[in-house]
Structures are given as C-alpha cells and as structure tokens.
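The structure appears right after this line, and notes come after that.
No value in this document is a laboratory result; all are computed from the given coordinates. Keep in mind that this is a model prediction, so the values were computed, not measured. Note: ideal-geometry Cβ built from the backbone for every residue, glycine included; neighbour counts use all protein chains shown.
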Amino acid sequence: MLLCTSAEAASADLASGVLACPSCHAGRLRSWGSGRERVIRLHGGARQRVRPRRGRCGSCRATHVLLPSWMAPRRADAVGVIVRAAVASALHGTGSGRLGRELGVPAATVRGWLRRLRGRAGDMRQDATAMFGVLTSGRDAPWLEPSGSPLGNALAAVAACAHAAVTWHGCTAAEDALLGRFGLAAALAPGG
C-alpha cells in the first residue's frame, strides 16, 4: 500500500512509471487495475465510494494499492473523522461514548482508534518530528511545544508537518490528506 496525497497525481505518476516499488526498491510500478471499492465515512456522516488504483512492479511483480492519504488503511472512516476523535480525547479528555455519538460511530470503534493511536504515539511523534526537520530545514521554524500527553504530542507533530508543507512548500492538498500523509494513516494501519 502506498499513501498518496493526491489521487490524480498518483494516477499520473503510475501511468508514467515514475513510482518506485516499495517492496524491492528496484522496479517501477505500472498500472494494474484497481483495488476493491470501499465506502468511507466522512465527517458529518457523509459517505464516499472510492476505488483506489493499483500498481504492479515490473521487477518483483508485487502489487500495491495507491490509497489516498485521507483514507486510513483497512478503516471504514476517513482520517479526518478519526483525527477529530483523537484531538478531542487528547486535549479535552472526551470519552469514547460521547465521541461516538458526536461522530455517528459506535463507541467501540472510537476506543479502537484511540487504543491504536495511543499505542503508536511515540513512533508517530518520532517520524513526524524527523519529517518536520526536513520540511523546515534552513528556516526559522517554531519548536514543537509539549501538549501534556504522548498522543497530544504526536498529533501536534503531525499538524506541524502539515502546516510546514503548506507554509514553506506551497502544498495545496486538503488538510485531512496532509494529516494522513504525515503519520495518521500509517499509525492506524493494522499490524506491527
């Protein structure tokens, strides 16, 4: 699976053969149909059908789904929905029952998101902080202030990356796509 900030740009890159294979790092991905259609729950209860592109490596023959970074791998909810729950929990201590009612999802689902993000908060913060250093290299960037919890610190680092991408690199992607790109989507992925 590859996370792509822009599905349109990823499709163009796939068609032109510039995407490197994340499995073997030697081959290039070429278009290989589409992944299965998914219905993703968005903020406010809206739903969107998505059929992500798939690529296949010319060298190792591995296939990879190009997933828009506003989606979380193997999750029925968009990153934007999940991040709202994580922020409310980390900053205000809002419980999963209340968050579930506000977002229109079962409380058990919210508990699963929060458990996964809290369990990976250290790695997410470390990765986002390293990316923040790359994005702000040679610039007078503000220091990341501690928020009072490991999850809050990780979310602050991811948000700082998104802000730096827009401010210093002219990125025009949607906020949810940037938050997913800079750590939230990978932290929500199953495994590890």
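Under the criterion of Cα pairs below 8 Å and six or more residues apart, the relative contact order for the chain equals 22 percent. Per q in 0.14, 0.15 Å⁻¹, report the Debye log10 I(q)/I(0) for the chain, using one uniform scatterer on each alpha carbon and no solvent. Summing over Cα pairs of the chain leads to -0.84, -0.95.
Let me know the volume per residue of the alpha-carbon convex hull for the stretch 2-68, in Å³.
On the way: hull volume 5.2 nm³, N = 67.
Considering the Cα atoms of the stretch 2-68, their hull volume per residue is 77 Å³.
Around the amide H of W32, modelled in the peptide plane, lie the amide H atoms of R54, G55, R56, all under 5 Å away and 5 or more residues distant in sequence or on another chain.
Counting only DSSP beta bridges with both residues in the chain, the antiparallel share comes to about 80 percent.
At what distance in angstrom do the alpha carbon centres of the stretch 37-58 and the stretch 70-147 lie from each other? The stretch 37-58 and the stretch 70-147 have Cα centres separated by 20 Å. For the stretch 153-192, backbone nitrogen atoms closer than 17 Å to the point 7 Å from V18 Cα along Cα-to-C-beta are found at 170-173.
Using C-alpha pairs below 8 Å separated by at least 6 residues, the relative contact order for the stretch 79-188 is 31 percent. Across the stretch 172-181, computed HN-Hα scalar couplings (Karplus, 6.51 cos²θ - 1.76 cosθ + 1.60, θ = phi - 60°) run 10, 5, 5, 4, 4, 5, 5, 4, x, 4 Hz from first to last residue, x flagging Gly and Pro. Here the 3J(HN,Hα) profile of the stretch 87-96, calculated from phi with Karplus coefficients 6.51, -1.76 and 1.60 at θ = phi - 60°, is 5, 4, 6, 5, 8, 10, x, 4, x, 5 Hz, Gly and Pro shown as x. Only helices enter the 222 nm calculation for the chain: every DSSP H run of n ≥ 4 contributes -39,500 (n - 2.57), and dividing by all residues gives -14000 deg cm²/dmol, rounded to 500.
Expressed as a whole percent, how much of the Cα-Cα distance distribution for the stretch 79-188 exceeds 16 Å?
Result: 56 percent of Cα pairs exceed 16 Å.
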